[in-house]
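Throughout, read-outs are computed from the coordinates displayed, never taken from laboratory work. This is a predicted model, so every value here is computed, not measured. Positions of Cβ are backbone-derived with ideal geometry, glycine not excepted, and every protein chain shown enters the neighbour counts.
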């Protein structure tokens, strides 16, 4: 058992991150930890493994002193080796495991996490999701007593999310105790125990159903995908948290009256044209990897296009071509008739195409928000930079008079994400490209970012979004493409988003929120085609006053 008493921690002396935490974390107990950005979840994990010293209190690890593993939220923060197989072996070498057993464990881990084909690859050449799997594999292979997972699902595609959920169940059966930090209440459904943190304190500690299914006045009440719709339908507590239970409960309700919604998107002519695009990493070398193969794509001005696919399918590689960070091995890509392979166009290209990387807040470096946002316009030689800064901060709902002179490192995770986005918007791009923009954000911050992207798109900005979240893609986009092994395997228009058969062509698991829409239509509910997910329906029902229970 891990015993925590009176634990407090602070990054700044006058700003405590954790305050008076008292916990007993028992072996064999599956624990989920929820809470908004900045609530102290990651800090708690780092204190447990000794990466952060507490400012007060004690942590007694008992016999588990050297048998606790931590999987970081951003895998780049823990990968240290030049090859995949040596990364998995790194911890085993450090504990002096006999070579024969070490080789056997490494081989089994590479097979289990689908990494065998990358054995000799540089980990930093892998996709974000593949690096996440590598980080998990390098800890699981150690067979610790406890594994602390910090947002392990945030960069995984739906198929691997399901596999990781299964893995968590299996390692629990093997005697490893998983403790999982997440922003998504759905991730807590399999747990035995749920901790909810707010402002550095544990405000709930108990069975997940006691918080997720019942409205509480004493603490914030997170809601699952199913429970959110149940509450919007005015079902009495306890609201269902399983899909089948919700549908059974709704059979006895009167169908709500929903307004007729019409989509009014009007797209312009082609702004991005991709023809026969192929790209190989380490071209001509023994470890050459073909990342893209004969990709053809046209994106219209004003379109919101989502790019989905399994980890390693080529999504990030494709978008890195859009502003010339990568140039085609074969084929051609133009943006506003500028050939991205022509280096003479790159200054203008990077002004017109704004690229927001995964975890963009890790790129913040200046002492103030103002200086960080100004970096791009200054480098591009733009004039009237103060106006660019103010306009960009206002666009991401960070009023300049309140935020411009603050340190970006004093802000919450969601606010830092918006500062990074403001730095891209400051160059006034006509095309905005985002790679997993909501990874690591709590539901509130993610919803705010979704709304911001919707508003930018409605104002005429063309948006391309790489995402593992099919529900988010369906909610925000008017087109989706799915990459598989470097090729476009499927392409859907918004007219097909309510068709499960069409969505299945993407080759990804259908999220619960989309399946619920099909269930309700089967019940005879007249749901407008433009309402594609249960979250959209819940918002509409709440605006209309809910269903009759």
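Want the number for residue 485 to residue 266: 0.36 nm per residue separation, take away the alpha-carbon distance, what's left?
Going from the current span to full extension adds 75.6 nm.
Roughly speaking, what is the centre-to-centre gap between the stretch 472-520 and the stretch 398-441 when only Cα atoms are used, to the nearest Å?
28 Å
Write down the percent of antiparallel bridges among all DSSP beta bridges whose residues are both part of the chain, to the nearest 5. Provide the component values of the computation, followed by the final result.
Working: 38 of 72 bridges.
If we restrict to bridges inside the chain, about 55 percent are antiparallel.
Among 137-148, 517-528, how do they line up from the highest to the lowest mean number of other beta-carbon atoms within 10 Å?
Order by mean packing, descending: 137-148, 517-528.
Of [x] 30.6, 106; [y] 23.9, 68; [z] 25.0, 80, which one was derived for Rg and Dmax of the Cα atoms in Å from the structure shown?
[y]
Going by Cα centres, the stretch 310-340 and the stretch 110-184 are how many Å apart?
Taking the Cα centre of each part, the stretch 310-340 and the stretch 110-184 sit 29 Å apart.
Assuming R0 = 45 Å, what is the FRET efficiency of residue 459 and residue 248, from their Cβ-Cβ distance, to the nearest 0.05?
Plugging the Cβ-Cβ distance into 1/(1 + (r/R0)^6) gives 0.55.
How far apart, in nanometres, would the label points at residue 346 and residue 190 be if each is projected 7 angstrom from Cα along the Cα-to-Cβ direction?
Taking the simple label geometry, residue 346 and residue 190 are separated by 4.5 nm.
What order do you get for 415, 484 when you list them from fewest to most C-beta neighbours inside 10 Å?
By the 10 Å Cβ count, ascending: 484, 415.
Hey, what D do you get for the stretch 329-387 in µm²/s if you plug the Kirkwood alpha-carbon radius into Stokes-Einstein at 10 °C and 1.306 mPa s?
The estimated diffusion coefficient comes to 117 µm²/s.
So what is the diffusion coefficient of the stretch 270-496 in µm² per second by Stokes-Einstein at 10 °C and 1.306 mPa s, using a Kirkwood Rh over Cα pairs?
Details: Rh = 18.0 Å.
Using the Kirkwood radius from Cα pairs, D works out to 88 µm²/s.
Where in the stretch 139-157 is the amide nitrogen less than 16 Å from a point lying 7 Å along the Cα-to-Cβ axis of residue 108?
So the set is 139-145.
Between residue 375 and residue 329, what FRET efficiency comes out of the Förster formula 1/(1 + (r/R0)^6) with R0 = 41 Å and r the beta carbon distance, rounded to 0.05?
Rounded to the nearest 0.05, the efficiency is 0.85.
So for each of 207-217, 457-467, 224-234, 442-452 I average, over its residues, the number of other beta carbons within 10 Å; can you give me the resulting order with the highest mean first?
In decreasing order of mean packing, 207-217, 457-467, 224-234, 442-452 become 224-234, 457-467, 442-452, 207-217.
Evaluate the distance, in nm, between pseudo-label points positioned 7 Å from the Cα of residue 397 and of residue 174 along their respective Cα→Cβ axes.
Inter-label distance under the simple model: 4.3 nm.
Students often get this wrong: which residues of the stretch 422-454 have the backbone nitrogen under 19 Å from the point 7 angstrom along Cα-to-C-beta of residue 384?
Residues 423-430 qualify, since their backbone N sits under 19 Å from the label point.
What span do the alpha-carbon atoms of the stretch 2-212 cover on each of the three principal axes, reported in whole Å from largest to smallest?
Taking the Cα atoms of the stretch 2-212, the three principal extents are 46, 33, 31 Å.
Label points 7 Å out from Cα along the Cβ direction at residue 278 and residue 447: separation in nm?
4.7 nm
Quick check on the stretch 454-549: what are the equivalent-ellipsoid semi-axes from the Cα gyration tensor, as sqrt(5λ), descending, whole Å?
Taking √(5λ) for each Cα gyration eigenvalue gives 25, 18, 10 Å.
If the chain between residue 337 and residue 67 were fully stretched, how many nm would it gain, using 0.36 nm times the residue separation less the Cα-Cα distance? List each step's numbers first, then the result.
Working: separation 270, 0.36 × 270 = 97.20 nm, distance 5.70 nm.
Gain on stretching residue 337 to residue 67: 91.5 nm.
Restricting to Cα pairs below 8 Å that are 6+ residues apart, what does the relative contact order work out to for the stretch 82-196? Please round to a whole percent.
Working: 108 pairs, mean separation 28.9, N = 115.
Here the relative contact order equals 25 percent.
Any chance you could check the Cα centroid distance between the stretch 1-44 and the stretch 209-279 for me, in angstrom?
Cα centroid to Cα centroid, the span is 31 Å.
Among the DSSP beta bridges whose two residues both lie in the stretch 2-212, what percent are antiparallel, rounded to the nearest 5?
Close to 50 percent.
Between residue 199 and residue 218, 0.36 nm times their residue separation minus their Cα-Cα distance comes to what? The partial results should precede the final answer.
On the way: separation 19, 0.36 × 19 = 6.84 nm, distance 1.44 nm.
Answer, rounded to one decimal: 5.4 nm.
Using 1/(1 + (r/R0)^6) with R0 = 56 angstrom and r between the beta carbons of residue 428 and residue 27, what's the FRET efficiency to the nearest 0.05?
0.50
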